[in-house]
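This report refers to the structure that appears directly beneath it.
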Amino acid sequence: MPDPPDFVVTPYEVKGRIDYARLRELFGTQELTPELLDRVRAKAEGALHPLLERGIYYSHRDLGGILDQYAQGNPFFLYSGRGPSGPLHTSHLVPFDLCAWLQRVFDVPMYIQITDDEKFWFRPNLTRAETRRWGMENLYDLLAVGFDPNKTHVFFDTRSIAALYPLAADAAKKITYSTAKAVFGFPPSTNIGLIFYTALQTAPSFYPSWVTGRPVPCLIPCGIDQDPHFRVTRDIAEGLGYPKPGLLHSQMLPGLLGVDRVMSTTGDVADNALFLNDPPKEVERKIRKAFTGGRATVEEQRRLGATPEICSIWAAWRSKFAPDAKEFGQITDDCRSGALLCGDCKENLIGRVHTFLGEHQERREKAKEWAESVIIDRPPATAGATPAPPS
Ligand code: TRP
């Protein structure tokens, strides 16, 4: 027997130094191979999204099958979500950056779920009014990453429940209490909202199939911490007459205070993440105090070079702020060789983050104008008229 892992990854808890290869084995997911990435690259006419190219997305379930179906003329839809508990930070955008890119490349619909109920149940100190308010605030940010207003749909749980409930009810009947307890590790004090909740996160995976009466493949880009939900979804899908959703899993991004601490809004977060609404001075302060892979002295760093793999600043370049492959390669090489010092690298990043946040706020104002129009209130009257054929 191998040693038990010294990390924990569930949708409700991420802790310890995560061994991602080991986690993939524990979860039983597939490796995102160069062959699969080549199939996506071919459709993208040569250029992969950096999150795929640089291995931040590293694991999947059934991506090959989803691409086969697409090639045979049965396109998938994209689905991802966000539990609103506070302002978003840059790493919350990871799945949505990828989704917006996939939406463009494959010309497919996107469904976003905002789970204000989930965060209300999960966070003892948040009121429902607060999670609802954060839900709208977060939604504006997510829509601003570049989704097509004509192909994007939003389930806002406490508002869209009429659309989700029939499917959540079907799902809930197939999920036992002992499954929920085992999959999520719930202690006895867990409220029954959270025990039911996984049925609601499942519902969007089936929605287009339910509405159209034919099996529509679903692809879910998400942090690998969300995989337990979709393991449950996949186990019950075919029994309900729907295709199993495919998944694309990313690693959890490190925070500014060190690569062993994922960027999270739980705990002493303020200085560990760059929030999308941080004023410029805050951005500067946080980046200047961030943990790097640098040496103790300038002289040593010039002589020996620094270590990008343990550096929170390099992680920011890699995941978001240096999308150009040549530029990213240069930063990495100059870091390793000692040509680039941490102070200068940080100032460069500060400039880049200022530009991004400024542009983001503009796009966000535009997104506000159409956000209401993409929230689903109720299912079409014909939904569920033709039961999906068992596959
Ligand atoms: N549970 C997720 C969170 O805590 C929110 C969510 C809902 C989600 N549906 C999803 C995440 C689908 C990824 C994919 O943020």
If amide hydrogens are placed 1.01 Å from N in the peptide plane, which non-local residues have theirs closer than 5 Å to the one on THR152? MET110
Test of understanding: extend the Cα→C-beta vector of ILE161 to 7 Å, then name every residue of segment 169-194 with backbone N under 18 Å from that spot. 169-173, 191-194
Contour minus Cα-Cα span, LYS281 to GLU31, at 0.36 nm per residue, comes to 85.9 nm
With a 10 Å cut-off between alpha carbons and a GNM built on the chain, which of ASP141, ASP117, ASP344 moves the most? ASP344
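Do me a favour and compute the ellipsoid semi-axes for segment 313-373 from its Cα gyration tensor, root of five times each eigenvalue, largest one first, whole Å.
Numbers: eigenvalues 195, 27, 10 Å².
Computed over segment 313-373, the values are 31, 12, 7 Å.
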Alpha-carbon spread of segment 268-391, three principal axes, descending order, Å: 72, 40, 32
Run the quick spin-label model on THR212 and LYS366: label points 7 Å from Cα toward the beta carbon, then report their separation in nm to one decimal. 2.8
Counting sequence-distant residues (5 or more places) and residues on other chains, those with an amide H built under 5 Å from that of GLY83 are THR115
Multiply the residue separation of SER373 and ASN125 by 0.36 nm, subtract the distance between their alpha-carbon atoms, and state the gained length in nm to one decimal. 86.2 nm
Tell me the angle of helix 280-289 to the major Cα principal axis of the chain, expressed in degrees between 0 and 90 and rounded to the nearest ten. 70
Run the quick spin-label model on PHE196 and ASP344: label points 7 Å from Cα toward the beta carbon, then report their separation in nm to one decimal. 5.9
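What's the magnitude of the charge dipole for the chain around its Cα centre, counting Lys and Arg as +1 and Asp and Glu as -1 at the beta-carbon? Answer in Debye, nearest 20. Don't skip to the end; give the middle numbers.
On the way: 45 positive and 48 negative charges, 83 e Å.
Magnitude of the dipole: close to 400 debye.
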From the helices alone, meaning DSSP H stretches of at least four residues, give me the mean residue ellipticity at 222 nm for the chain, per-run term -39500 (n - 2.57), in deg cm²/dmol to the nearest 500. -15000 deg cm²/dmol
On a 0 to 90° scale, report how tilted helix 192-212 is relative to the longest principal axis of the chain, with both axes built from alpha carbons and the result rounded to the nearest 10. 70
Taking the Cα centre of the chain as the origin and placing charges on Cβ (Lys, Arg +1; Asp, Glu -1), which of PHE184, PRO149, PHE27 is farthest toward the positive end of the dipole? PHE184
Quick one: check the C-alpha center-to-center distance for segment 365-381 versus segment 283-348, whole angstrom. 41
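Which of rounded, prolate or oblate describes segment 1-144 when judged by the alpha-carbon gyration tensor and an a/c cut-off of 1.5?
It is oblate, given that a/c is not under 1.5 and a/b is not larger than b/c.
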Using Cα positions and a limit of under 21 Å, work out the lysines in reach of LYS173, with same-chain residues fewer than 8 apart set aside. LYS181, LYS244
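For the chain, count the residues as N, evaluate 2.2 N^0.38 Å, and divide the Cα radius of gyration by that value, please. Intermediate results must be reported in sequence, preceding the final value.
Details: Rg = 21.1 Å, N = 391, 2.2 N^0.38 = 21.3 Å.
That ratio works out to 0.99.
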Tell me the angle of helix 325-337 to the major Cα principal axis of the chain, expressed in degrees between 0 and 90 and rounded to the nearest ten. 40
If you plug each phi of segment 51-62 into the Karplus form 6.51 cos²θ - 1.76 cosθ + 1.60 with θ = phi - 60°, what whole-Hz ³J(HN,Hα) values come out, in order, with x for Gly and Pro? 5, 7, 4, 9, x, 6, 7, 9, 8, 7, 10, 6
Contour excess over end-to-end distance, with Cα ends at ASP271 and THR382 and 0.36 nm allotted per residue: 35.0 nm
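Please sort by residue number the chymotrypsin sites (Phe, Trp or Tyr not before Pro) in segment 63-120 whose DSSP state is loop and whose Cβ has at most 10 other Cβ atoms within 10 Å. Display every interim value, and only then the final one.
Details: sites: TYR70, PHE76, PHE77, TYR79, PHE96, TRP101, PHE106, TYR111, PHE120; in loops: PHE76.
Here no chymotrypsin sites (Phe, Trp or Tyr not before Pro) fit, given the DSSP loop and packing criteria.
Hey, could you grab the Kirkwood Rh for segment 87-180? Inverse mean 1/r over distinct alpha carbon pairs, Å, one decimal.
On the way: mean 1/r = 0.0670 Å⁻¹.
This gives a value of 14.9 Å.
The numbers here are math on the coordinates, done by the rules we state, and not lab data. Remember, predicted model here, so these are calculated numbers, not experimental data. Don't worry about glycine lacking a Cβ; one is built from the backbone with ideal geometry, like all the others, and counts go over all protein chains shown.
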